[in-house]
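Scroll down for the structure; my scribbles are underneath it.
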């Protein structure tokens, strides 16, 4: 049983929850102008774990045939036969229930937006079949992370810094566009859509740079609108450096260091922005 759980957690790359979780907590901390109650903090974490687990498992289910045909992904748990379809669907249902329960434990507004947020994460998994805007749809889905954190504390959308969600949207769209370069040739042959498959790797990288510049500007604007101090802007400088490094480390002709670009730097960005927000709020208040 423990081995099966380990396989399923690896199947959904559970450790990559670090991408969205810090932004959910950032939204919660901004709403409360500091550390929220232990109860709210706990349910925000549980909600994020539930939503991401459900979304990633659903993605693995609907993409199983493409994963099996793609040499890069053929070893994933479902096409490799390590996890059954029944087990996967049980995981989707249980994780979805956990997400909705966590939202219910927070407040009515959190429960109202919960179906929209979770539906978007499911819809994303299907968009690659008909639009190269799939990366933007993923960005919209993850943009609900800080919004959800804010609602968990405030119980309302009033006063929410929408520029933060827009920043998350373009940050995610940018790095997902770069990551999709790994499968550009396969996607083209399989009739799937992505920016690299549709426009070529070089143009996809250019779009990713544009998205990341927008994200940087929007993250900076978030600090200004929320009255955060110089500590936050130190984090913004580090974020800019990390974004810049991603585009130095990887290029359309050499994707060998994409793991560093995609995982290490993006995890660093999310954690950095959350931490400097927290420290700035502590100093301001």
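The set of residues in segment 13-32 being outside any helix (DSSP H, G or I) and in contact (Cβ under 8 Å) with a residue 60 or more places away in the chain consists of 20 alone. If you check 267, 241 for being touching a helix residue (DSSP H, G or I) at 6+ places or on another chain (Cβ under 7 Å) and closer than 30 Å to residue 27 by Cα, only one passes: 267. Could we say that residue 60 is part of a helix (DSSP H, G or I), touching a residue at least 12 places away in the same chain (Cβ under 8 Å), over 30 Å from residue 219 (Cβ atoms) and within 17 Å of the chain's Cα centre (by Cα) here? The answer is yes for residue 60.
Scanning segment 215-229 for residues that are without any contact (Cβ under 8 Å) to a residue 40 or more places away in the chain and either in contact with a strand residue (DSSP E or B) (Cβ under 6 Å, 6 or more places away or on another chain) or over 21 Å from residue 139 (Cβ atoms) (or both) turns up just one, 224. When 186, 211 are screened for being out of contact with any strand residue (DSSP E or B) (no Cβ under 8 Å at 6 or more places or on another chain), in a helix (DSSP H, G or I) and under 22 Å from residue 18 (Cβ atoms), only 211 passes.
If you filter segment 119-130 down to residues that are in contact with a helix residue (DSSP H, G or I) (Cβ under 6 Å, 6 or more places away or on another chain) and outside any loop (DSSP other than H, G, I, E, B), you find that the one that is nearest to residue 197 (Cα to Cα) is 127. Does segment 250-264 include one or more residues that are modelled with pLDDT of 95 or more, farther than 16 Å from residue 164 by Cα and out of contact with any helix residue (DSSP H, G or I) (no Cβ under 7 Å at 6 or more places or on another chain)? Within segment 250-264, none of the residues are modelled with pLDDT of 95 or more, farther than 16 Å from residue 164 by Cα and out of contact with any helix residue (DSSP H, G or I) (no Cβ under 7 Å at 6 or more places or on another chain). Considering only segment 62-84, state which residues are surrounded by fewer than 18 Cβ atoms within 10 Å (Cβ to Cβ), in contact with a helix residue (DSSP H, G or I) (Cβ under 7 Å, 6 or more places away or on another chain) and modelled with pLDDT under 95. Within segment 62-84, 72, 74, 82 qualify. Residues that are part of a strand (DSSP E or B) and over 20 Å from the mean Cα position of the chain (by Cα) occur at least once in segment 254-277. If the condition is being in contact with a helix residue (DSSP H, G or I) (Cβ under 9 Å, 6 or more places away or on another chain), assigned to a helix (DSSP H, G or I) and surrounded by fewer than 19 Cβ atoms within 10 Å (Cβ to Cβ), then segment 33-57 contributes 39, 41, 42, 45, 46, 49.
Out of 133, 111, one residue alone is touching a helix residue (DSSP H, G or I) at 6+ places or on another chain (Cβ under 9 Å), surrounded by 16 or more Cβ atoms within 10 Å (Cβ to Cβ) and more than 19 Å from residue 56 (Cα to Cα). It is 111.
Any residue that is exposed (fewer than 15 other Cβ atoms within 10 Å of the Cβ) and either at negative phi or in contact with a strand residue (DSSP E or B) (Cβ under 9 Å, 6 or more places away or on another chain) (or both) - is there at least one of those in segment 271-282? Yes, because at least one residue in segment 271-282 is exposed (fewer than 15 other Cβ atoms within 10 Å of the Cβ) and either at negative phi or in contact with a strand residue (DSSP E or B) (Cβ under 9 Å, 6 or more places away or on another chain) (or both).
The values are calculated or read from the model by the stated rules, or taken from the named source; none is laboratory data. Fair warning: this is a prediction, and the values are worked out from it, not measured in the lab. Cβ atoms come from the backbone with ideal geometry, glycine included; neighbour counts cover every protein chain shown.
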